[in-house]
Every structure is written in structure tokens, then in C-alpha cells.
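Structure, as C-alpha cells:
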Amino acid sequence: MSTTNMPPFIPGLELSRRFYTELIRPLLEEAAPGIPHSAARLGSGSEVLGLDTAHSAHRERVPRLQLFLRSGDVSRHAGRIRHHLSEHLPKTFHGRPTRAAEAPVHRTVEVTHVSSWFAATLGFDPSSHITPLDWLATPTQLLAGVTAGAVFHDGLRVLAPWRAALRWYPHDLWLHVLACQWQRLSQEEALVGHCGEMGDELGSAVVTARLVRDLMRLCLLMDRHYPPGDPWLGSAFARTAAGSHLTPVLAAALAATDRHGREEHLTAAFEAVAALHNQRELTDPLDPVTTPCRRFAAALLGRVTDPAVRALPTVGAVDQFVDSAEVLGRAAAARAAAAGLADQRRTSTAR
């Protein structure tokens with residue numbers, strides 16, 4: 001569709017809400033009268049995070065939602081509901097296609113069971129006890145996708161409590177994840193200068209970019225926001241408490257043409273994030289100017305009281321030690337990576 005012929009921009013969540021209210025709910029009532037259900041737009045996508053724009057909507061974008069039924073109702077009615085939707089969905093809704101290029105209707109309206117959907121999306125069912133492995137084996141971009149978005153109707157009365165349970169890490173686990181993020185920064189904070197001293201300005205620039213990304217993620221974690229995937233990281237970071245102040249500093253570090261310029265801007269950024277740490281009163285105050293990153297990590301770990309969390313290796317959540325979209329976008333792959341690391345640690349400890 002030509003961008004000149006696009007209808008007025010409607011944010012994706014609002015479009016999905018109207019799609020459910022004006023079209024899907026009446027069709028559902030025709031296909032399965034009185035069936036209890038919940039409806040929401042959760043999961044992946046810029047619109048779920050509230051970060052879609054008129055520009056992103058110029059790409060082929062259809063309204064999408066999840067239609068959650070009780071387990072028995074999925075087996076009894078899902079086929080009929082999908083067929084009815086397929087037969088009666090109009091080709092367009094508010095000027096937008098209701099399905100993408102001959103895609104089946106389930107790509108637009110996913111008819112599923114709550115437990116099945118959450119287990120497939122996150123790798124675990126949040127209706128029971130959420131273990132430290134559940135939290136740490138789940139990429140933050142997936143947690144962001146199920147706690148953001150919108151619920152349009154919760155007739156099953158499960159989405160609200162489940163999303164509330166997943167809203168943020170338990171306190172000790174939050175401290176652990178923050179400590180591991182500082183630990184990541186400590187591994188490379190001196191390398192910008194070391195690369196430059198060796199005449200490797202390209203390597204210095206690469207390390208700077210990695211540190212900038214990790215500082216952005218740290219600020220999101222401090223603000224109790226799950227860092228999203230890289231396409232939306234900058235937009236999400238801009239909304240943090242430090243975003244307006246730090247964005248030009250980090251941009252200057254990336255734009256610097258030599259290691260001295262990079263170090264100057266990164267130093268300012270590190271000091272600002274350290275001051276933010278002190279403002280949060282997460283630990284006793286630490287000197288924001290001269291304290292290395294590893295001391296912030298140690299101070300945070302020192303505040304952890306849960307023995308199970310204290311026993312965890314200081315690598316943190318899966319996206320703090322894995323950097324592959326093929327893993328971080330798939331719950332099963334991320335869980336396997338986290339479990340593999342845990343098994344390796346147990347083997348090493350046994351020796």
C-alpha cells in the first residue's frame with residue numbers, strides 16, 4: 001500500500017482494541033454464544049510496547065489480538081471460531097487489511113488457552129510458583145511483551161493477576177540482575193582506552209558501543225522496566241529517568257573519533273548512572289567518580305538476603321550472557337541456554 005494512500009495513524013493497541021470491540025467480539029458471539037473468554041494484545045511488536053509510529057505503520061500492519069478460552073473450550077470451539085472469523089472477517093478494518101497477504105486468520109486472531117500461550121511465550125506457566133530459573137531463563141524482551149500491551153476483556157479473570165505476578169523481579173532477584181549488569185560493565189570499562197593505546201581505534205569504538213548498550217539496559221533495569229529488543233531499546237531508554245540527560249552524552253561517546261573523546265563522554269555517563277544508583281538507595285552510597293563498576297556489583301550482591309539467590313552465579317538473566325536473536329526471541333532456546341549454564345556450574349562445583 002502506498003504511503004500516500006495510508007489511512008490516518010491509529011496506535012496499534014488502540015486499533016486492536018477497536019478490532020476486538022467492533023468486530024471480533026460480535027463475531028465470537030455468533031460463533032460461540034456466551035462463551036467465557038479474555039482478549040488482549042500481548043507478545044512481540046512495537047505496538048505492544050507503545051512504541052509504534054505513523055512511519056512504522058506504513059509497513060503492512062494488521063490489527064492483532066489473542067482470544068483466550070478455557071482449555072476445554074479451545075478443543076470444542078476453536079475450530080468453529082476460526083472458521084467463522086475466516087468466513088466473515090472483512091478485508092479491511094479502519095482502512096487497514098485484516099490479514100497479511102493471504103495469511104490464515106489465526107495470524108490475526110490467535111485462539112488459544114492462557115496457560116498454553118504463556119508457557120509457549122515465556123517457557124513456564126506463571127499460575128504456579130515462579131522459580132529463579134523461570135525469571136532468569138526468560139529474556140527481558142519476552143517479559144516486556146507479556147507485561148506491556150493491553151487487555152481488552154478479562155472474562156476468565158486470569159490475565160490481570162498473571163501479568164501482575166510478572167510485572168517485575170522479586171526484590172533480591174532484581175538486586176542480583178542489577179549486580180550482574182554492573183559486572184558486565186566492569187569487564188570492559190577499561191578496554192576503550194586499552195584499545196586506543198594499541199592504535200586500535202576501531203576496536204575502541206566497538207567496545208564503546210557495547211558499553212553504551214549495557215548502560216542503557218542498566219538504566220532501564222534501575223527504573224524497573226524490562227529492556228526490550230534492540231529495535232526499541234533507544235526509544236525505551238529515552239523514557240527512563242536518565243534518558244533525557246544521558247542520550248546526548250551517549251550519542252557523543254558513539255560519535256567520538258578517538259579514544260580520548262570516547263573516554264571523556266563515557267566517564268560522564270558512568271558518573272551519571274552511578275549517581276542514579278545512589279539516588280535509588282539500593283546500597284549504601286558509593287563514590288560515583290572513582291568507584292569501579294565491580295564495587296557496585298559487590299555492594300548490590302551484599303544486599304541480597306535470599307540464600308537461593310545468593311548462590312546464583314553472577315551472570316544474571318539469559319540476555320546478560322547470550323546475545324543472539326535466535327535465542328532471545330524463542331523461550332525454549334533461551335531456557336535451554338540458561339539450563340545448560342546451570343548444569344555446567346553444577347558439574348564444575350561437584351569437581
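The values are calculated or read from the model by the stated rules, or taken from the named source; none is laboratory data. None of these values were measured; they are calculated from a predicted model. Note that we place each Cβ from the backbone using ideal geometry, even for glycine, and neighbour counts take in every protein chain shown.
So here's what we get for this one:
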read-out: Any hit, region 282-290, residues being among the β-branched types (Val, Ile, Thr) and either touching an Asp or Glu at 6+ places or on another chain (Cβ under 8 Å) or under 16 Å from Trp174 (Cβ atoms) (or both); value: yes
read-out: Those residues of region 126-149 which are in a helix (DSSP H, G or I) and within 22 Å of Ser235 (Cα to Cα), in sequence order; value: Thr140, Gln141, Leu142, Leu143, Ala144, Gly145, Val146, Thr147
read-out: Candidates Ala100, Ala137, Ala54, filtered to the one that is crowded, with 22+ Cβ neighbours inside 10 Å and either among the small types (Gly, Ala, Ser) or in the same structural domain as Ala238 (by TED's automatic domain parsing) (or both); value: Ala137
read-out: Residue match in region 328-335 (condition: surrounded by 17 or more Cβ atoms within 10 Å (Cβ to Cβ) and closer than 18 Å to Arg213 by Cα); value: yes
read-out: Residues satisfying the stated conditions in region 166-201, i.e. among the small types (Gly, Ala, Ser), out of contact with any Lys or Arg (no Cβ under 6 Å at 6 or more places or on another chain) and closer than 21 Å to Thr283 by Cα; value: Ala179
read-out: Unmet requirement for Gly261, which otherwise passes all of (1) modelled with pLDDT of 95 or more; (2) touching a helix residue (DSSP H, G or I) at 6+ places or on another chain (Cβ under 7 Å); (3) part of a helix (DSSP H, G or I); value: (2)
read-out: Top-ranked residue of region 36-71 - restricted to ones that are in a helix (DSSP H, G or I) and in contact (Cβ under 8 Å) with a residue 40 or more places away in the chain, ranked as nearest to Val114 (Cα to Cα); value: Ser71
read-out: Scan of region 120-137 for residues that are in contact (Cβ under 8 Å) with a residue 24 or more places away in the chain, out of contact with any Leu (no Cβ under 8 Å at 6 or more places or on another chain) and within 11 Å of Ala165 (Cα to Cα), ordered by number; value: Ser127
read-out: Residues that are more than 21 Å from Pro227 (Cβ to Cβ) and either modelled with pLDDT of 85 or more or among the small types (Gly, Ala, Ser) (or both), drawn from region 337-351; value: Ala339, Gly340, Ala342, Ser348, Ala350
read-out: Positions within region 264-310 being under 21 Å from Gln320 (Cβ atoms), part of a helix (DSSP H, G or I) and among the β-branched types (Val, Ile, Thr), in sequence order; value: Val273, Val309
read-out: Long-range neighbours under 9 Å by Cβ, at least six apart or interchain, first residue outside the structural domain of Gln181 (by TED's automatic domain parsing) within region 291-311, second among the aromatic types (Phe, Trp, Tyr); value: none
read-out: Evaluation of Lys91 against (1) at pLDDT 95 or above; (2) surrounded by fewer than 16 Cβ atoms within 10 Å (Cβ to Cβ) (one fails), failing number; value: (1)
read-out: Any hit, region 28-35, residues being in a helix (DSSP H, G or I), surrounded by 14 or more Cβ atoms within 10 Å (Cβ to Cβ) and at pLDDT 95 or above; value: yes
read-out: Residue check, Thr147 touching a Lys or Arg at 6+ places or on another chain (Cβ under 6 Å), under 30 Å from Asp230 (Cβ atoms), touching a residue at least 60 places away in the same chain (Cβ under 8 Å) and not charged (D, E, K, R); value: yes
read-out: Flag if Leu166 is crowded, with 16+ Cβ neighbours inside 10 Å and either more than 22 Å from Arg70 (Cβ to Cβ) or within 19 Å of the chain's Cα centre (by Cα) (or both); value: yes
read-out: Odd one out for Ala120, checked against (1) assigned to a loop (DSSP other than H, G, I, E, B); (2) on the phi < 0 side of the Ramachandran plot; value: (1)
